[in-house]
Amino acid sequence: MARWLLRGAVRLPENGTDLRLPTAPGDSRPRHVAVIMDGNGRWATRRGLSRVSGHEAGMRALSSVLDGALEEGIEHLSLFCFSTENWSRPHAEVTALMRLAEGAYDFFGGYVDRGIRFWWQGSEARLPSEVVDALREAEERTRQSRTMTVVFCFNHGGREEIARTAAELARRAVTGRLDPEAIDESVFSRHLPLPDLPDIDMLIRTSGEQRISNFMLWRAAYAEFFFVDTLWPDFTGDHLRALVTAFMTRKRRFGAVTSG
Ligand code: IPE
Ligand code: IPE
Ligand code: MG
(Lines give C-alpha, C1' and ligand atoms only; values in the text may rest on other atoms or scores of the structure.)
(Ligands and ions follow the chains in the order given, each with its own letter.)
Protein backbone atom coordinates (compact mmCIF):
# COMPACT_ATOMS: atom_id res chain seq x y z
CA MET A 1 0.00 0.00 0.00
CA ALA A 2 2.88 2.37 0.68
CA ARG A 3 3.67 2.13 -3.02
CA TRP A 4 1.84 5.39 -3.51
CA LEU A 5 4.50 7.14 -1.50
CA LEU A 6 7.32 5.99 -3.76
CA ARG A 7 8.79 8.46 -6.17
CA GLY A 8 8.63 7.63 -9.84
CA ALA A 9 6.52 5.15 -11.72
CA VAL A 10 3.94 3.30 -9.65
CA ARG A 11 2.61 -0.10 -10.64
CA LEU A 12 -1.12 -0.42 -10.08
CA PRO A 13 -2.81 -3.77 -9.50
CA GLU A 14 -4.68 -4.95 -12.57
CA ASN A 15 -8.13 -4.75 -11.00
CA GLY A 16 -7.65 -1.41 -9.33
CA THR A 17 -9.04 -2.61 -6.00
CA ASP A 18 -7.55 -2.27 -2.56
CA LEU A 19 -5.85 1.00 -3.35
CA ARG A 20 -7.28 3.34 -0.78
CA LEU A 21 -5.07 5.52 1.34
CA PRO A 22 -6.39 7.48 4.28
CA THR A 23 -7.39 10.92 3.11
CA ALA A 24 -5.67 13.88 4.69
CA PRO A 25 -8.22 16.02 6.50
CA GLY A 26 -8.51 19.50 5.12
CA ASP A 27 -6.82 18.71 1.79
CA SER A 28 -8.94 19.59 -1.18
CA ARG A 29 -9.88 17.51 -4.18
CA PRO A 30 -8.37 18.31 -7.56
CA ARG A 31 -10.58 20.52 -9.69
CA HIS A 32 -8.72 19.85 -12.92
CA VAL A 33 -7.33 16.38 -13.58
CA ALA A 34 -5.41 15.80 -16.81
CA VAL A 35 -4.41 12.45 -18.23
CA ILE A 36 -1.74 11.55 -20.77
CA MET A 37 -3.41 8.34 -21.92
CA ASP A 38 -0.36 6.41 -23.04
CA GLY A 39 0.30 2.75 -23.81
CA ASN A 40 -2.42 1.77 -26.29
CA GLY A 41 0.14 0.52 -28.81
CA ARG A 42 2.05 -1.62 -26.30
CA TRP A 43 -1.22 -3.00 -24.92
CA ALA A 44 -2.20 -4.17 -28.40
CA THR A 45 1.23 -5.46 -29.40
CA ARG A 46 1.39 -7.64 -26.28
CA ARG A 47 -1.86 -9.26 -27.38
CA GLY A 48 -0.83 -9.73 -30.99
CA LEU A 49 -3.33 -7.05 -32.06
CA SER A 50 -2.88 -4.03 -34.29
CA ARG A 51 -2.04 -0.64 -32.76
CA VAL A 52 -5.41 0.58 -34.02
CA SER A 53 -7.13 -2.09 -31.88
CA GLY A 54 -5.18 -0.66 -28.97
CA HIS A 55 -6.63 2.80 -29.62
CA GLU A 56 -10.14 1.32 -29.80
CA ALA A 57 -9.55 -0.44 -26.47
CA GLY A 58 -8.27 2.88 -25.10
CA MET A 59 -11.51 4.58 -26.09
CA ARG A 60 -13.53 1.83 -24.37
CA ALA A 61 -11.48 2.30 -21.17
CA LEU A 62 -12.79 5.83 -20.98
CA SER A 63 -16.25 4.75 -19.77
CA SER A 64 -15.00 3.49 -16.43
CA VAL A 65 -12.68 6.51 -16.03
CA LEU A 66 -15.55 8.93 -16.69
CA ASP A 67 -17.63 7.12 -14.05
CA GLY A 68 -14.77 7.43 -11.56
CA ALA A 69 -14.23 11.11 -12.35
CA LEU A 70 -17.94 11.85 -11.91
CA GLU A 71 -17.97 10.02 -8.59
CA GLU A 72 -14.97 12.04 -7.43
CA GLY A 73 -16.67 15.30 -8.33
CA ILE A 74 -13.91 16.41 -10.71
CA GLU A 75 -14.88 19.59 -12.56
CA HIS A 76 -12.48 19.38 -15.51
CA LEU A 77 -11.01 16.19 -16.93
CA SER A 78 -8.51 16.76 -19.74
CA LEU A 79 -7.62 13.82 -21.96
CA PHE A 80 -4.57 13.87 -24.23
CA CYS A 81 -5.75 11.97 -27.30
CA PHE A 82 -3.56 13.16 -30.19
CA SER A 83 -0.51 15.39 -30.04
CA THR A 84 0.87 17.76 -32.66
CA GLU A 85 3.80 15.29 -32.83
CA ASN A 86 1.56 12.26 -33.48
CA TRP A 87 1.27 13.23 -37.17
CA SER A 88 4.60 11.47 -37.62
CA ARG A 89 2.94 8.07 -37.04
CA PRO A 90 2.03 5.70 -39.89
CA HIS A 91 -0.72 7.03 -42.11
CA ALA A 92 -3.15 4.18 -41.30
CA GLU A 93 -2.80 4.82 -37.56
CA VAL A 94 -3.33 8.57 -37.95
CA THR A 95 -6.40 7.91 -40.10
CA ALA A 96 -7.84 5.56 -37.46
CA LEU A 97 -7.30 8.18 -34.74
CA MET A 98 -9.06 10.78 -36.90
CA ARG A 99 -11.99 8.40 -37.26
CA LEU A 100 -12.20 7.91 -33.49
CA ALA A 101 -12.23 11.69 -33.00
CA GLU A 102 -14.98 12.02 -35.58
CA GLY A 103 -17.09 9.73 -33.39
CA ALA A 104 -16.57 11.90 -30.31
CA TYR A 105 -20.22 12.77 -29.96
CA ASP A 106 -21.30 9.14 -30.44
CA PHE A 107 -19.29 8.40 -27.33
CA PHE A 108 -19.54 11.50 -25.13
CA GLY A 109 -23.11 12.25 -26.15
CA GLY A 110 -24.07 9.18 -24.09
CA TYR A 111 -23.03 11.11 -20.99
CA VAL A 112 -25.01 14.29 -21.53
CA ASP A 113 -27.74 13.14 -19.17
CA ARG A 114 -25.04 12.79 -16.51
CA GLY A 115 -23.95 16.38 -17.08
CA ILE A 116 -20.83 15.95 -19.21
CA ARG A 117 -19.85 18.91 -21.36
CA PHE A 118 -17.35 18.43 -24.19
CA TRP A 119 -14.63 20.95 -25.05
CA TRP A 120 -12.01 20.53 -27.74
CA GLN A 121 -8.50 21.73 -27.05
CA GLY A 122 -6.17 21.79 -30.05
CA SER A 123 -5.23 23.32 -33.38
CA GLU A 124 -7.27 23.12 -36.56
CA ALA A 125 -4.08 22.95 -38.62
CA ARG A 126 -3.85 19.79 -40.77
CA LEU A 127 -7.09 18.34 -39.37
CA PRO A 128 -9.64 17.11 -41.95
CA SER A 129 -12.65 19.43 -41.98
CA GLU A 130 -14.96 16.52 -41.01
CA VAL A 131 -12.99 16.12 -37.77
CA VAL A 132 -13.10 19.84 -36.97
CA ASP A 133 -16.84 19.87 -37.68
CA ALA A 134 -17.45 16.78 -35.51
CA LEU A 135 -15.51 18.23 -32.57
CA ARG A 136 -17.30 21.57 -32.84
CA GLU A 137 -20.63 19.78 -33.06
CA ALA A 138 -19.86 17.74 -29.92
CA GLU A 139 -19.10 21.03 -28.12
CA GLU A 140 -22.32 22.57 -29.33
CA ARG A 141 -24.53 19.60 -28.47
CA THR A 142 -23.18 19.30 -24.90
CA ARG A 143 -23.04 23.06 -24.26
CA GLN A 144 -25.78 23.06 -21.62
CA SER A 145 -24.16 20.37 -19.46
CA ARG A 146 -22.37 21.56 -16.35
CA THR A 147 -21.43 18.70 -14.00
CA MET A 148 -18.05 17.89 -15.53
CA THR A 149 -16.20 19.27 -18.53
CA VAL A 150 -14.19 16.78 -20.57
CA VAL A 151 -11.41 18.55 -22.44
CA PHE A 152 -10.59 16.45 -25.49
CA CYS A 153 -7.02 17.36 -26.37
CA PHE A 154 -6.76 16.46 -30.01
CA ASN A 155 -4.05 17.89 -32.27
CA HIS A 156 -2.90 19.61 -29.12
CA GLY A 157 0.64 20.75 -28.41
CA GLY A 158 1.66 22.83 -25.42
CA ARG A 159 4.12 24.90 -27.43
CA GLU A 160 1.67 25.36 -30.29
CA GLU A 161 -0.88 26.69 -27.83
CA ILE A 162 1.60 29.15 -26.33
CA ALA A 163 2.77 30.30 -29.78
CA ARG A 164 -0.85 30.77 -30.93
CA THR A 165 -1.59 32.83 -27.83
CA ALA A 166 1.49 34.98 -28.41
CA ALA A 167 0.37 35.57 -32.00
CA GLU A 168 -3.07 36.65 -30.80
CA LEU A 169 -1.55 39.07 -28.29
CA ALA A 170 0.72 40.48 -31.01
CA ARG A 171 -2.27 40.99 -33.34
CA ARG A 172 -4.08 42.87 -30.60
CA ALA A 173 -1.04 45.01 -29.82
CA VAL A 174 -0.44 45.89 -33.47
CA THR A 175 -4.05 46.96 -33.95
CA GLY A 176 -3.97 49.03 -30.76
CA ARG A 177 -6.38 46.86 -28.80
CA LEU A 178 -3.79 45.86 -26.21
CA ASP A 179 -0.96 47.75 -24.53
CA PRO A 180 2.16 45.52 -24.68
CA GLU A 181 3.18 46.86 -21.27
CA ALA A 182 -0.03 45.39 -19.82
CA ILE A 183 0.85 41.82 -20.81
CA ASP A 184 1.50 39.74 -17.73
CA GLU A 185 0.77 36.14 -16.74
CA SER A 186 -2.88 36.77 -16.06
CA VAL A 187 -3.44 38.61 -19.36
CA PHE A 188 -1.64 35.79 -21.16
CA SER A 189 -3.84 33.18 -19.44
CA ARG A 190 -6.97 35.04 -20.46
CA HIS A 191 -5.93 34.85 -24.13
CA LEU A 192 -5.17 31.14 -24.16
CA PRO A 193 -7.60 28.96 -26.09
CA LEU A 194 -10.24 27.87 -23.50
CA PRO A 195 -9.50 30.73 -21.10
CA ASP A 196 -11.99 29.33 -18.57
CA LEU A 197 -10.04 26.12 -18.14
CA PRO A 198 -8.18 26.29 -14.80
CA ASP A 199 -4.58 25.23 -14.21
CA ILE A 200 -4.00 21.49 -13.89
CA ASP A 201 -4.03 20.25 -10.29
CA MET A 202 -3.11 16.67 -10.99
CA LEU A 203 -1.47 15.21 -14.07
CA ILE A 204 -1.52 11.44 -14.60
CA ARG A 205 0.52 9.61 -17.21
CA THR A 206 -0.01 5.91 -17.78
CA SER A 207 2.37 3.32 -19.32
CA GLY A 208 5.44 4.05 -17.21
CA GLU A 209 6.82 6.91 -19.30
CA GLN A 210 7.89 9.86 -17.20
CA ARG A 211 7.72 12.85 -19.48
CA ILE A 212 5.24 15.56 -20.38
CA SER A 213 5.45 15.14 -24.19
CA ASN A 214 4.49 18.75 -24.88
CA PHE A 215 1.18 18.58 -23.00
CA MET A 216 -0.48 21.76 -21.67
CA LEU A 217 2.84 23.34 -20.75
CA TRP A 218 1.31 26.59 -19.50
CA ARG A 219 -1.32 25.03 -17.30
CA ALA A 220 0.90 22.26 -15.93
CA ALA A 221 3.14 24.80 -14.17
CA TYR A 222 2.16 23.61 -10.67
CA ALA A 223 0.52 20.27 -11.41
CA GLU A 224 1.17 17.31 -9.12
CA PHE A 225 2.51 14.46 -11.27
CA PHE A 226 1.46 10.82 -11.03
CA PHE A 227 3.25 8.30 -13.22
CA VAL A 228 1.74 4.82 -13.25
CA ASP A 229 2.92 1.69 -15.08
CA THR A 230 -0.58 0.58 -16.10
CA LEU A 231 -1.17 0.78 -19.84
CA TRP A 232 -4.06 3.08 -20.72
CA PRO A 233 -6.58 0.40 -21.87
CA ASP A 234 -6.21 -1.29 -18.44
CA PHE A 235 -6.70 1.95 -16.48
CA THR A 236 -10.05 2.14 -14.66
CA GLY A 237 -12.17 4.50 -12.65
CA ASP A 238 -10.92 2.74 -9.51
CA HIS A 239 -7.34 3.58 -10.46
CA LEU A 240 -8.34 7.20 -10.94
CA ARG A 241 -10.11 7.32 -7.61
CA ALA A 242 -7.10 5.83 -5.83
CA LEU A 243 -4.84 8.45 -7.41
CA VAL A 244 -7.19 11.25 -6.34
CA THR A 245 -6.92 9.90 -2.80
CA ALA A 246 -3.13 9.93 -3.13
CA PHE A 247 -3.27 13.50 -4.47
CA MET A 248 -4.99 14.58 -1.29
CA THR A 249 -1.96 13.51 0.75
CA ARG A 250 0.40 15.71 -1.29
CA LYS A 251 1.54 19.02 0.18
CA ARG A 252 1.34 21.75 -2.42
CA ARG A 253 3.49 24.73 -1.63
CA PHE A 254 3.44 26.90 -4.76
CA GLY A 255 6.85 28.21 -3.82
CA ALA A 256 5.84 29.30 -0.34
CA VAL A 257 6.90 27.94 3.04
CA THR A 258 4.24 25.94 4.86
CA SER A 259 4.25 24.23 8.20
CA GLY A 260 4.72 20.44 8.24
C1 IPE B 1 -1.31 6.71 -26.60
O2 IPE B 1 -0.90 5.42 -26.85
C3 IPE B 1 -2.33 7.18 -27.60
C4 IPE B 1 -1.81 8.12 -28.59
C5 IPE B 1 -0.65 8.69 -28.58
C6 IPE B 1 -2.68 8.44 -29.72
P7 IPE B 1 0.33 5.11 -27.79
O8 IPE B 1 -0.18 4.86 -29.16
O9 IPE B 1 1.36 6.17 -27.69
O10 IPE B 1 0.86 3.76 -27.17
P11 IPE B 1 2.37 3.31 -27.04
O12 IPE B 1 3.10 4.37 -26.28
O13 IPE B 1 2.91 3.15 -28.44
O14 IPE B 1 2.30 2.02 -26.29
C1 IPE C 1 1.66 11.46 -25.79
O2 IPE C 1 1.99 10.14 -26.02
C3 IPE C 1 0.47 11.84 -26.61
C4 IPE C 1 -0.79 11.19 -26.26
C5 IPE C 1 -1.00 10.40 -25.24
C6 IPE C 1 -1.89 11.52 -27.13
P7 IPE C 1 3.12 9.73 -27.07
O8 IPE C 1 3.21 8.25 -27.05
O9 IPE C 1 2.88 10.37 -28.38
O10 IPE C 1 4.41 10.39 -26.43
P11 IPE C 1 5.95 10.03 -26.62
O12 IPE C 1 6.23 9.98 -28.08
O13 IPE C 1 6.18 8.70 -25.96
O14 IPE C 1 6.69 11.11 -25.91
MG1 MG D 1 2.96 6.39 -26.49
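Values for this structure:
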{"quantity": "Distance between the range 192-226 and the range 25-88 - C-alpha centres, whole angstrom", "calculated": "13"}
{"quantity": "DSSP H segments from the chain that extend 20 Å or more along their own axis, Cα-based, with Kyte-Doolittle mean of -0.5 or above", "calculated": "51-72, 158-174"}
{"quantity": "Estimated inter-spin distance, Ala163 and Arg89, nm [label 7 Å along Cα→Cβ]", "calculated": "2.1"}
{"quantity": "Heavy-atom accessible surface of the range 205-260: percent carbon and sulfur, 1.4 Å", "calculated": "51"}
{"quantity": "Two-site FRET efficiency, Asn214 against Arg190, from Cβ-Cβ distance with R₀ of 30 Å, rounded to 0.05", "calculated": "0.85"}
{"quantity": "Fraction of alpha-carbon pairs over 32 Å apart in the chain - percent", "calculated": "23"}
{"quantity": "Simple label model, 7 Å out from Cα along Cβ direction - Arg177 to Arg47, nm", "calculated": "4.8"}
{"quantity": "Solvent-accessible heavy-atom area per residue, rounded to whole Å², over the chain at 1.4 Å", "calculated": "50"}
{"quantity": "Normalised per residue, the volume of the convex hull around the Cα set of the range 171-260 (Å³)", "calculated": "149"}
{"quantity": "For the chain: relative contact order, % (alpha-carbon pairs under 8 angstrom, 6 or more apart)", "calculated": "33"}
{"quantity": "Heavy-atom accessible surface of the range 64-163: percent carbon and sulfur, 1.4 Å", "calculated": "47"}
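The values are calculated or read from the model by the stated rules, or taken from the named source; none is laboratory data. This is a predicted model, so every value here is computed, not measured. So basically every Cβ, Gly included, is an ideal-geometry build from the backbone, and we count neighbours across all protein chains shown. Ligands, DNA and RNA are stripped out before the accessible areas are found, and what is left, the full protein with its side chains, is counted by its heavy atoms. Shrake-Rupley method; radii C 1.70, N 1.55, O 1.52, S 1.80 Å.
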